Amino acid sequence: MKIHRIFKAVPEPVKANTLNLANELGLPSRDAATPKLIIGRREWIALPDLGVSPLNAKTDSGARSSSIHAKNVVLSPDEISVSFTTTNHYNEQITCTAAVARTALVRSSSGTATKRIFIETTAVLPGGFRWNILVSLANRSEMRCPMLLGRRALSGYFLVDPQGAHLLGPRRHLGKFRIKPQA
């Protein structure tokens with residue numbers, strides 16, 4: 001009888017911020033065999049490039065791409081940049097401008113495909129861990145969380161604990177981010 005190796009992940013609370021812990025674990029690394037941070041079903045996140053903080057983001061390993069709530073989306077005539085309005089956790093309206101990374105069809109969980117604009121931005125978690133993500137602009141006004149982190153953003157860095165929420169720290173640990181002046 002051949003015995004297979006089975007590994008068990010045991011969450012261990014540590015007294016370290018996400019930046020120090022990520023450095024200790026050797027993150028960021030996209031290798032499947034490296035240690036990962038455990039992230040909850042919802043986490044606080046900041047998008048300093050857009051001047052948006054804090055946001056309550058839902059983690060969804062079933063969704064391929066990430067999205068952020070956006071309304072009043074206006075694509076520049078040359079289709080190089082896009083401006084839109086979003087809201088933070090305090091329901092403050094924030095107008096953002098970003099370079100268009102790409103446009104693509106995105107199929108929702110209901111099966112409807114729509115063309116969406118994607119932007120690339122920096123995401124920051126409580127404690128300081130930061131990485132670049134690709135985010136589509138979508139109307140998420142009917143959703144509980146204005147942002148969704150899909151598996152492309154999660155891949156290589158995180159394991160998702162569906163029972164936990166805000167495991168990486170409270171929103172006050174996001175700190176204050178300098179708002180990038182809009183061009």
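The values are calculated or read from the model by the stated rules, or taken from the named source; none is laboratory data. Everything quoted here is computed from the prediction, not taken from an experiment. A quick note on method: Cβ atoms are made from the backbone with ideal geometry, for glycine too, and the neighbour counts reach across all protein chains shown.
Looking only at the range 64-106, how many residues end up being over 12 Å from Val135 (Cβ atoms) and in contact with a Gly (Cβ under 8 Å, 6 or more places away or on another chain)?
Counting residues in the range 64-106 that are over 12 Å from Val135 (Cβ atoms) and in contact with a Gly (Cβ under 8 Å, 6 or more places away or on another chain) gives 2.
Condition check: touching a residue at least 60 places away in the same chain (Cβ under 8 Å) and not charged (D, E, K, R). Does Ile80 satisfy that?
Criteria not met by Ile80.
Looking only at the range 64-77, count how many residues are without any contact (Cβ under 8 Å) to a residue 40 or more places away in the chain and in a strand (DSSP E or B).
To start, the set of residues in the range 64-77 that are without any contact (Cβ under 8 Å) to a residue 40 or more places away in the chain comprises 72, 74, 76-77.
Then drop every residue that is not in a strand (DSSP E or B), which leaves 72, 74.
Total meeting the criteria: 2.
Since Thr86 meets every condition but one in (1) assigned to a loop (DSSP other than H, G, I, E, B); (2) within 18 Å of the chain's Cα centre (by Cα), which condition does it not meet?
Going through the list (1) assigned to a loop (DSSP other than H, G, I, E, B); (2) within 18 Å of the chain's Cα centre (by Cα), Thr86 breaks only (1).
Quick check: anything in the range 46-63 without any contact (Cβ under 8 Å) to a residue 12 or more places away in the chain, touching a Leu at 6+ places or on another chain (Cβ under 7 Å) and small (Gly, Ala, Ser)?
Applying the first criterion (without any contact (Cβ under 8 Å) to a residue 12 or more places away in the chain) to the range 46-63 yields none.
No, there is no match, as no residue in the range 46-63 is without any contact (Cβ under 8 Å) to a residue 12 or more places away in the chain, touching a Leu at 6+ places or on another chain (Cβ under 7 Å) and small (Gly, Ala, Ser).
So which residues in the range 1-59 are modelled with pLDDT of 70 or more, loosely packed, with under 10 Cβ neighbours inside 10 Å and among the aliphatic types (A, V, I, L, M)?
Val14 - this is the single residue of the range 1-59 that is modelled with pLDDT of 70 or more, loosely packed, with under 10 Cβ neighbours inside 10 Å and among the aliphatic types (A, V, I, L, M).
Among the residues of the range 93-109, count how many are among the small types (Gly, Ala, Ser) and assigned to a strand (DSSP E or B). Write out each step before concluding.
The initial filter retains those residues of the range 93-109 that are among the small types (Gly, Ala, Ser), namely 98-99, 101, 104, 108-109.
Imposing the further condition that a residue be assigned to a strand (DSSP E or B) reduces the set to 98-99, 101, 104.
Total satisfying the criteria: 4.
If you go through the range 101-119 one residue at a time, do you hit one that is hydrophobic (A, V, I, L, M, F, W, C) and under 14 Å from the mean Cα position of the chain (by Cα)?
Here is the first cut: in the range 101-119, the residues hydrophobic (A, V, I, L, M, F, W, C) are 101, 104-106, 113, 117-119.
Filter once more, keeping what is under 14 Å from the mean Cα position of the chain (by Cα): 118-119.
Yes: the range 101-119 contains one or more residues that are hydrophobic (A, V, I, L, M, F, W, C) and under 14 Å from the mean Cα position of the chain (by Cα).
Filter the range 83-104 for residues that are farther than 25 Å from Trp44 by Cα and either of a type in the set (Phe, Trp, Tyr) or surrounded by 12 or more Cβ atoms within 10 Å (Cβ to Cβ) (or both) and give the result. Explain how you work it out, then say what you get.
Filtering the range 83-104 for residues farther than 25 Å from Trp44 by Cα gives 102-104.
Answer for the range 83-104, where residues must be farther than 25 Å from Trp44 by Cα and either of a type in the set (Phe, Trp, Tyr) or surrounded by 12 or more Cβ atoms within 10 Å (Cβ to Cβ) (or both): Thr103, Ala104.
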